[in-house]
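Here is the structure we will look at.
The values are calculated or read from the model by the stated rules, or taken from the named source; none is laboratory data. Only a predicted model underlies this, so the values are computations on that prediction, with no experimental measurement involved. Because the Cβ atoms are built from the backbone with ideal geometry, glycine has one as well, and the counts that use them run over all protein chains shown. Quick note on the areas: whole protein, heavy atoms, side chains included, nothing else; ligands and nucleic acids left out. Shrake-Rupley method; radii C 1.70, N 1.55, O 1.52, S 1.80 Å.
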Amino acid sequence: MKSITAATMINVFNGTTNFSTLIGAFLCDTYFGRYKTLGFATVASFMGLLLIQLTAAIKKLHPPSCGSGEIDTCKGATAGQLAFLLTGFGSLIVGAAGIRPCNLAFGADQFNPETESGKRGINSFFNWYFFTFTFAQLVSLTLIVYVQSNVSWAIGLGIPAILMLISCALFFMGSKMYVKVKATGSPVTSLIQVIVVAIKKRSLKPPEQPWLSLFNYVPPSSINSKLPYSEQFRFLDKAAIVTPGDEINPDGSATDPWKLCTMQQVEEVKCLFRVIPIWIAALIYYLVMVQQNTYAVFQAQQSNRRLGNSNFKIPAASYTVFLMLSMTIWIPIYDRIVVPFLQRLTGKEGGITVLQRMGIGIFLSIITMLVSALVEGRRRTIALTKPTLGVEPRRGAISSMSGLWLIPQLTLTGLVEAFAAIGQVEFYYKQFPENMRSIGGSLLYCGMGGSSYLSSFLISVIHRTTKGAATGNWLPEDLNKGRLDYFYYTIAAIEVLNFGYFLVCARWYRYKGTGKDDTLEEKIGSTQSGKTIA
């Protein structure tokens, strides 16, 4: 394939996998439960990896070698070969749709939030999950990529398939030990009912004491925590106002849920509405992560990537390993040293609240962009004023600045993710109603997908507006002729505004089940009902 075709296919694949998590989460929470969804998804992932491995291992499933390497001699894939490859991608999308939103929630389900050890276990689980996840990525970007590039694509693609097969076996071996929370029907239906009924009853006068007068029936089979009344989004309260035309069943439930909703349903919708502004802030902060996985690689390509006086060059794409190393090293330190210290200092579980943790990450994202801009300015100045080290094909002159200067910005990016991304996942898990936790888990990936699209839009706008500027195009193929540092400063400015927006949202936010900002960790689980075990 031509590089632009391959890049487009990968971008579509990545975007689809991120947004498919919404469908997987909906099916999980509505019909199958997390255990069955994960079981099906792990098998689908294995099948996808196996199919892609076969495209490399079997000659008839891939085009012949290009021979001399000239484009004219390359023979493209047949329709059948391409269909086989896309089937593998499709299986991976199905696997990602089930695994990504469910695995964290399923893991956290194994802890009892009503005990002190269980609450500590949930907090620690999120940290160690990201530690192992990042370590796995390190292995993928080093060992497996080396095998694919220097030994054999068939072997390099076979290793992940074998590991996924082992993963499937281990998952099903533990079946009898798991806590399995049953699916309780569509949480989305309940959400829509509240909005529809609130609109129908919009002309009603709000009650003076809603916590006493609103319809407050809770089904005995509900797995959700019983939520106290909260003042925010009071217009939704009208959905739970009992009118003369509303009929009540003998068991206390509403005869028609499309005419009368419960206060519990209303509070669950309020939980979702409160999360959305925080999610928007998280979507914008992730712009920083997107740049470090794209333009930082381009910076590396036009930097001196040799180690000392040796001829060994660090591959440009491998510089993201420093991001993961930073995160991998910091998480155990944070979990075992920083958190206990902060707990003694503040008296709060986890040391700080999840919103404070996210806020630290968003603040660090500003610092990351400023450092990235300063490093790029230095790289470009050296390239234009001092002897260069040759030319990077299809790009430009290679600056004599060492590529190791990129490590600080990548290290900071790892810390950003350690604070903001992990805090974000923990936040969604704790703040969504229990029957919507898989949907909450999918928000992280939807945010990643949204950030990628937002980054593409921003790049397009920068291209268009700077094309005829006196400074020239900021983002040309040859970074020496552009002003990537200005682009980084622009994102830093956006992140400053985002940080201010986040602080306003965090101050306004009320944690689920409480009326205060900073007491979630003390109360989480105290109002939770027992789980329904499969």
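Things worth noting here:
- Cα centroid of segment 402-416 to Cα centroid of segment 277-327, whole Å: 7 Å
- Listed residue pairs exceeding 23 Å between alpha carbons, taken from Lys205/Lys226; Lys205/Lys430; Lys201/Lys512; Lys182/Lys226; Lys119/Lys348; Lys238/Lys512: Lys205/Lys226; Lys205/Lys430; Lys201/Lys512
- Computed label-point distance, nm, for sites Arg507 and Thr346 using a 7 Å Cα→Cβ extension: 1.8 nm
- Sequence-separation-based contact order of the chain, relative, with Cα cut under 8 Å and 6+ spacing, percent: 20 percent
- Peptides ranked, highest mean first, by Cβ atoms within 10 Å: ranges 364-372, 431-439: 431-439, 364-372
- Helix axis angle, 437-466 relative to the chain longest principal axis, alpha carbon, degrees: 50 degrees
- Local net charge near Gly472, Cβ-Cβ under 11 Å (Lys/Arg +1, Asp/Glu -1): +2
- Stretching the chain fully between Lys386 and Leu165 yields a gain of 74.3 nm (0.36 nm per residue, less the alpha carbon separation).
- R0 of 60 Å, Cβ-Cβ distance Ser400-Thr16: FRET efficiency to nearest 0.05: 0.90
- Computed extension gain for Asp256 through Ile407, at 0.36 nm per residue and net of the alpha carbon distance, reaches 48.3 nm.
- The GluC sites (Glu not before Pro) of segment 70-158 that meet both conditions, a loop assignment by DSSP and at most 11 other Cβ atoms within 10 Å of the site Cβ, are Glu70.
- Centre separation in Å (Cα based) which lies between segment 137-211 and segment 381-396: 45 Å
- Here the chain is assigned +1 on the Cβ of each Lys and Arg and -1 on the Cβ of each Asp and Glu. Its dipole about the Cα centre then comes out at about 760 debye.
- Here the accessible area of the chain is 67 percent carbon and sulfur, with a 1.4 angstrom probe and all protein chains present.
- Multiplying the residue separation of Ala469 and Lys205 by 0.36 nm and removing their Cα-Cα distance gives an extension gain of 89.3 nm.
- Folded to 0 to 90 degrees: helix 354-385 orientation relative to the chain principal axis, Cα: 20 degrees
- Calculated Cα Rg over 2.2 N^0.38 Å (choose from (i) 1.02; (ii) 0.94; (iii) 1.08), label: (iii)
- Normalised by the number of residues in segment 187-268, the mean separation of alpha-carbon contacts (under 8 Å, six or more apart) gives a relative contact order of 42 percent.
- With a Förster radius of 22 Å applied to the beta-carbon distance between Gln110 and Leu86, the computed FRET efficiency rounds to 0.05.
- Residues of segment 402-431 with amide N under 18 Å of a point placed 7 Å along Cα→Cβ from Asn309: 402
- Angle in degrees between helix 407-416 and the longest Cα principal axis of the chain, rounded to the nearest 10: 10 degrees
- Rolling a 1.4 Å probe across the protein heavy atoms gives the chain an accessible surface of 47 Å² per residue.
- In nm, spacing of pseudo-spin labels at Ile337 and Glu247 (7 Å Cα→C-beta vector): 6.7 nm
- Over the chain, dividing the summed -39,500 (n - 2.57) contributions of all DSSP H runs of at least 4 residues by the number of residues returns a 222 nm mean residue ellipticity of -20000 deg cm²/dmol.
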